[in-house]
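Just so you know, all these numbers are worked out from the coordinates, no wet-lab data involved. Please read these numbers as outputs of a predicted model, since none were measured by experiment. Reconstructed Cβ throughout: ideal geometry from the backbone, glycine too, with neighbour counts over all protein chains shown.
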Amino acid sequence: MGFNWVVLQRELSSTLSALGVPFEEREEALLVPSLALSSALILRASSHPRISFLNLTSAVDLRVEGDRVAGVVVNFTPIEMASLHVDPMVLCSRAVVDATGHEAVLVNLYARRKPLQLRGEGFMNAELGEGEVVELTRMVAPGLFVCGMAAINLGGGHRMGPIFGGMLLSGERVAELVAAYLEGL
């Protein structure tokens, strides 16, 4: 809701320290400046040599080789909004992560062609949702992973509310899963 502070679980103090993000320890949680957290996460991701950000881009399909998801088909969002017929681009990848939030865009694209039950989000319950977002982070199909609110949408977990530590833990979990998957390829 645009607050200047984010509340995170105490177990994330080492993650925040590694990112150089300041925080205040409170009775049961950490209080983190929201701009410092978001800036540190964006800087870390954008500094990685194999990560790119694509602005004004929509995922319109998945690239599949055999039974393995091997990329994402994208188009520029203004082209999609104008319903113009312009051929999309294919981005090839050895693993794809759906971190598209509540909409679970990539999982929905997959479910159009392959049997996959999206259970939808349950009602808001931050206490339950914080654990469920990590538990529901997983590989959906070979090469396709889900985390964050997309995992909640797929698995039927609860919406989470104003505590965001589960989102960071879900991101860490999906990174571990993808690394193990890529090692096995």
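Sketch the reach of a paramagnetic label on TRP5 as a point 7 Å from Cα along Cα-to-Cβ, and name the residues of region 144-185 whose backbone nitrogen lies under 20 Å away. Counting only backbone N, you get 161-168. On the beta carbon distance between THR15 and HIS102, with R0 = 30 Å, the FRET formula returns roughly 0.80. Multiplying the residue separation of ALA180 and LEU54 by 0.36 nm and removing their Cα-Cα distance gives an extension gain of 42.8 nm. A value for Rg and Dmax of the Cα atoms in Å was derived from the coordinates, and within the list (i) 17.7, 61; (ii) 19.3, 62; (iii) 17.4, 56 it appears as (iii). Summing Lys and Arg as +1 and Asp and Glu as -1 over all other residues whose Cβ lies under 11 Å from the Cβ of LEU185 gives a net charge of +1. Ordered by the count of other Cβ atoms within 10 Å of each Cβ, fewest first, HIS102, HIS48 give HIS48, HIS102. Using C-alpha pairs under 8 Å with a sequence gap of at least 6, the mean separation divided by the residue count of the chain gives a relative contact order of 18 percent. Legend: helices of the chain (whole DSSP H runs) are marked when their alpha-carbon atoms reach 27 angstrom or more along the helix axis and their mean Kyte-Doolittle hydropathy is at least -0.5; marked are 165-184.
Tell me the net charge near ASN108. Cut-off is 14 Å between Cβ atoms, ASN108 excluded, with +1 for each Lys or Arg and -1 for each Asp or Glu. Residues near ASN108 contribute 0 overall.
With the highest mean first, a sort of the peptides 103-110, 115-122 on other beta-carbon atoms found within 10 angstrom per residue produces 103-110, 115-122. Sites listed here are GluC sites (Glu not before Pro) in region 27-100 whose DSSP assignment is loop and whose Cβ has at most 11 other Cβ atoms within 10 Å: GLU27, GLU28.
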